[in-house]
1. Could you list all residues from the stretch 178-198 that are acidic (Asp, Glu) and touching a residue at least 60 places away in the same chain (Cβ under 8 Å)?
2. Answer yes or no: is there a residue in the stretch 208-229 that is hydrophobic (A, V, I, L, M, F, W, C), in a helix (DSSP H, G or I) and closer than 20 Å to Pro69 by Cα.
3. Take the residues in the stretch 149-172 that are free of Cβ contacts under 8 Å to residues at least 40 places away in the same chain and aliphatic (A, V, I, L, M); name whichever of them is farthest from Leu65 (Cα to Cα).
4. Got at least one residue in the stretch 135-150 being over 29 Å from Val268 (Cα atoms) and modelled with pLDDT under 90?
5. On the given criteria, is Val273 among the β-branched types (Val, Ile, Thr) and at pLDDT below 85?
6. Only one of Ala102, Ala66 is farther than 18 Å from Glu178 by Cα, among the small types (Gly, Ala, Ser) and assigned to a helix (DSSP H, G or I); which?
Amino acid sequence: MSLTLAVVAGLGSALAYGAGTAGQHAEAYTGEADAGRLVDLARNPRWLLASLGDVVGIALQLLALANGPVVLVQPMLVLSLPVAVVLRSFFGAPKPSRADLANCLVVILGLALFFVLLGEPRRGSIISTQATAWTALLSLVAGGMAIAAVRNRAPVPRAITFGAVAGCWFGVVSVLIEAVSSVWQVDGLAGFRHPVGMVPLTAVVVLAVGGYLLVQLGFQLGPLGASFPPSLILDPVVAVALGAVLLSERVPLGSGRVLGYLLCIAAVGWASVRLAEPEKSRRLGMGRH
């Protein structure tokens, strides 16, 4: 394990995800959810180019998770929003204002405070097959219920829900990846013929693909401020919570630290919503729609 490599790869992943998000939202936003349009997007050169950011981001995220604990790697992905804000001018939006840059600084400082409170991270154990199955099943059921509950709501509430569910699922995926990686390292492809490998692999694929599709549908439904902040915030929150509970990763507690964590979440969440608020995101390439 190399924490230095984990940090570098994690930061690279956030950069790649941010670039991909800016481009994907500019191409996907229509104000309506149309699953069929996802097929059209798959033939859109600009959307495909932006999606390469996700591919690079996933590869770097896997490298980071292979070398560092979930509680260290996932929170770094919060930096993808400042990256998206800075880069979205390349897709037709105005350059970030001073207020935007100030909010980017709040996100960075909030993340830095979290890492100060976290201290030196420590790798935990690998989640069991039974725990993997139950965690994945409960995540899918809860997410499906949330999506069903807003099926007749207005576009923006649906986009918020899609983003929230996607963020939770991505957080779960980051916890399950370690089990997949362990099976691969020990038994290779043969290990996935048995439940100990098949269960986590299936869960990771289903939740990751489902989350990705929800993100794209959320991008269609509403401005960046509707779907992206919930996904961005809930991903590391769920990952850190499950990393501590299911993987026994070190997350120091205590009244002072818990209050500090909550302050970090509040600061990053507040700044994230302001960075991607509807008034600005409507200008994110959205002059062409």
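1. Step one: filter the stretch 178-198 for residues acidic (Asp, Glu), giving 178, 187.
If the condition is that a residue be acidic (Asp, Glu) and touching a residue at least 60 places away in the same chain (Cβ under 8 Å), then Glu178 is the only one that fits.
2. Step one: of the stretch 208-229, the residues hydrophobic (A, V, I, L, M, F, W, C) are 208-209, 213-215, 217, 219, 221, 224, 226, 228.
Add one more test, that the residue is in a helix (DSSP H, G or I), and what stays is 208-209, 213-215, 217, 219, 221, 224, 226, 228.
Within this subset, residues satisfying the condition of being closer than 20 Å to Pro69 by Cα are 208.
Within the stretch 208-229, one or more residues are hydrophobic (A, V, I, L, M, F, W, C), in a helix (DSSP H, G or I) and closer than 20 Å to Pro69 by Cα.
3. Only one residue fits best here, namely Ala154.
4. From the stretch 135-150, those over 29 Å from Val268 (Cα atoms) are 137; that's our starting set.
From what is left, the residues that are modelled with pLDDT under 90 are none.
No; the residues of the stretch 135-150 include none that is over 29 Å from Val268 (Cα atoms) and modelled with pLDDT under 90.
5. On the way: among the β-branched types (Val, Ile, Thr): yes; at pLDDT below 85: yes.
Against the criterion (among the β-branched types (Val, Ile, Thr) and at pLDDT below 85), Val273 qualifies.
6. Details: Ala66 fails: farther than 18 Å from Glu178 by Cα.
Selected residue: Ala102, the only one of Ala102, Ala66 that is farther than 18 Å from Glu178 by Cα, among the small types (Gly, Ala, Ser) and assigned to a helix (DSSP H, G or I).
Yes/no per residue for (1) touching a strand residue (DSSP E or B) at 6+ places or on another chain (Cβ under 8 Å); (2) hydrophobic (A, V, I, L, M, F, W, C); (3) at pLDDT below 75:
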{"site": "Met1", "(1), (2), (3)": "no, yes, yes"}
{"site": "Ser51", "(1), (2), (3)": "no, no, yes"}
{"site": "Leu60", "(1), (2), (3)": "no, yes, no"}
{"site": "Ala102", "(1), (2), (3)": "no, yes, no"}
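Quick grid of which residues meet (1) closer than 19 Å to Ser13 by Cβ; (2) modelled with pLDDT of 85 or more:
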{"position": "Leu214", "(1), (2)": "no, yes"}
{"position": "Leu234", "(1), (2)": "yes, yes"}
{"position": "Ala239", "(1), (2)": "yes, yes"}
{"position": "Ile265", "(1), (2)": "no, yes"}
{"position": "Ser281", "(1), (2)": "no, no"}
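The values are calculated or read from the model by the stated rules, or taken from the named source; none is laboratory data. What you see is a predicted model, and the numbers here were worked out from it, not measured in a lab. No Cβ is skipped: glycine too gets one built from the backbone with ideal geometry, and neighbour counts run over all protein chains shown.
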